[in-house]
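Student: Sharing a structure with you now.
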Amino acid sequence: MSAGGGAVAAPLIEAAIAARPLTSLRDVPWRLLAGHNLPEDRFRALQALCGEGIVLERARADFTELLARARLSISQAGYNTVMDILATEVPAVLVPFAATQQTEQTLRAKLLAERGAAVLLPEERLDAQTLARSVEEALAPARPSHLFDKLDITGAERTAALISDVAQAEKGMPRHDRLGQPRP
């Protein structure tokens, strides 16, 4: 389970701790990652709730590598986390941050859920039982195996190439394709 920057992570972390014994993954170690914006006193209080088999730690630089080895991801639906989920093709439960009229994460999670790439659990429905049911749904073998073949997750590379093109054009230099190769 990961919670991005962590500022609003406490409810998701609490639900994950309570949901674990209700899932088929109850005997599997769970790693919960809270960002550095979660206040230290709240972080320590949540650590105290973790029983055997649950580790709560701060965000890690090797997140993508951890995710690639995970059986499941439970997270909010921030852009970077969703891109990591898509790149690793790990089954996912998305609980998008939706407070203060935020819509970006909800829209992203909804679009992925509609395509079978994740299970959407609205933040207002989050509790141990709904999270446990969402975990089981995400683990079900009904996900289409071809889904990830159609997704283009090269946005960062394309953006870098576009920026390079603008900079090169200003200098009168050749332009590049979306992967940084010189165009004829």
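Coordinate-derived values only; no laboratory data. Quantities reported herein were computed from a predicted structural model and do not represent experimental measurements. A quick note on method: Cβ atoms are made from the backbone with ideal geometry, for glycine too, and the neighbour counts reach across all protein chains shown.
Student: Tally up the residues in the stretch 24-45 that are surrounded by fewer than 20 Cβ atoms within 10 Å (Cβ to Cβ) and closer than 18 Å to Leu126 by Cα, please.
Tutor: 0
Student: Could I ask something else about it? Name every residue in the stretch 1-38 that is within 14 Å of the chain's Cα centre (by Cα) and in a loop (DSSP other than H, G, I, E, B), in order of residue number.
Tutor: Met1, Ala3, Gly4, Gly5, Gly6, Ala9, Gly35
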